[in-house]
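Down below is the structure, laid out as structure tokens.
The values are calculated or read from the model by the stated rules, or taken from the named source; none is laboratory data. Quantities reported herein were computed from a predicted structural model and do not represent experimental measurements. Note that each Cβ is placed from the backbone with ideal geometry, even for glycine, and that neighbours are counted across all protein chains shown. SASA here: full protein model, heavy atoms, side chains in, ligands and nucleic acids out. Shrake-Rupley method; radii C 1.70, N 1.55, O 1.52, S 1.80 Å.
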Amino acid sequence: MTPLKIICILLILLGGGQGGDIILFADDHYKSSGEVLLNASAVNPALAPGDRILKVSLANQGGIKELIPVSSSGSAGDILMEIKEEMNSSRAMEIRAALEPAGPINVTSAPQYIAALPAGEAKQLQFNLSIDQRASGWYDLPLRVEYVRQVDVSVSDGQAFPLLQPADQSLNLRLYISEDGGDLRIAGVQSDLHPGGSGALLIVVENIGEESLSNCSARLLVAPPFHAIEPDCSLGDLAPGKMALASFRVGVDEDASLDRYQLGLSLSSEEMDLVLPLQISLRGSGRLSLHRALPFIAPLALLAILILLAAAVIIPGRQKLLYGRKRKIRRL
């Protein structure tokens, strides 16, 4: 390693690699202007007291802003390889996510680890919680995320030398804790939601109390992979034993798995406020996306090619045989 390269690395370490700084190796060909931007949201934001599982979606919303040419000297292979390697500047690596307790909510599981999270992708974390029976209302849980990012890379003789730097972010998860039951309950749920589409989510709400509730309304609480297109619904007045239908339009990310998800339904009236958890499952759309269809398309394509090749060999042979018979018949 040249003295100038060593000086560059020392300057990076001393300067801390603050955002906006352009950090260069002495023999750089390209420099990417990119960032890691992590965001966390609760997949099931409404929980009841007791031992619960909290699912968290951790997304990297960063990206590459610009690829800056520095030097054109060097082999074409090294230059192309460095362009590819520079794209990793927006990738979070060696992620350690630790959820911290808050108030009546105690975290009973260890920190979670993710090997790498490229820009534009999200992965799910899972934490065990112990929630005090007297807990009620909204709570903020800190999520401390530590990771490593690439601030620059040098390529020489077909070998990449990345310069990595530790970083961290403090994120916040907002949860609502409420007791099961109350004067309102969810009597039924129906949906036609599937990955990559949007559809209706129908929820039947029933007043099981002894008093009438005035001006009731419902709000759907969602987190990725769900997106509430129409999150609010008016239910009107609910007398004891009366039911009302809350209808929501919801979009689903294309990469969502066919799994069970827990959402939250916030119910309000002039007399009370309540958040109830609800579970829904995604169904298949009945259509195959291209990457899911490839395992089925490839064998069919190969079979079609074999049939065409066989036809090309067999059919000309039959034509030649018939032609020979025709000439023989004429001679007779």
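A few points about this structure:
- Exclusive hit being in contact with a Lys or Arg (Cβ under 8 Å, 6 or more places away or on another chain), surrounded by fewer than 18 Cβ atoms within 10 Å (Cβ to Cβ) and assigned to a strand (DSSP E or B), set D168, D152: D168
- Checking each residue in the range 250-285 for being farther than 16 Å from P195 by Cβ and either assigned to a loop (DSSP other than H, G, I, E, B) or open to solvent by 50 Å² or more (accessible area, probe 1.4 Å) (or both) picks out S269, E270, E271, M272, D273, Q279.
- Residue check for A48: open to solvent by less than 20 Å² (accessible area, probe 1.4 Å), under 23 Å from V145 (Cα atoms) and modelled with pLDDT of 60 or more: no
- Top-ranked residue in the range 127-144 [being part of a strand (DSSP E or B) and modelled with pLDDT under 90; ranked as least open to solvent (accessible area, probe 1.4 Å)]: G137
- Residue, modelled with the lowest pLDDT, within the range 262-291, restricted to residues that are farther than 21 Å from G188 by Cβ and of a type in the set (S, T, N, Q): S289
- The number of residues in the range 35-45 that are at pLDDT 85 or above and buried (at least 20 other Cβ atoms within 10 Å of the Cβ) comes to 4.
- Any hit, the range 215-233, residues being over 28 Å from A40 (Cα atoms), open to solvent by 30 Å² or more (accessible area, probe 1.4 Å) and of a type in the set (G, A, S): no
- Note on the range 171-192: residues that are over 13 Å from S247 (Cα atoms) and not in a strand (DSSP E or B) amount to 6.
- Residue check for L184: at pLDDT 85 or above, farther than 30 Å from M87 by Cα, open to solvent by less than 10 Å² (accessible area, probe 1.4 Å) and more than 20 Å from the chain's Cα centre (by Cα): no
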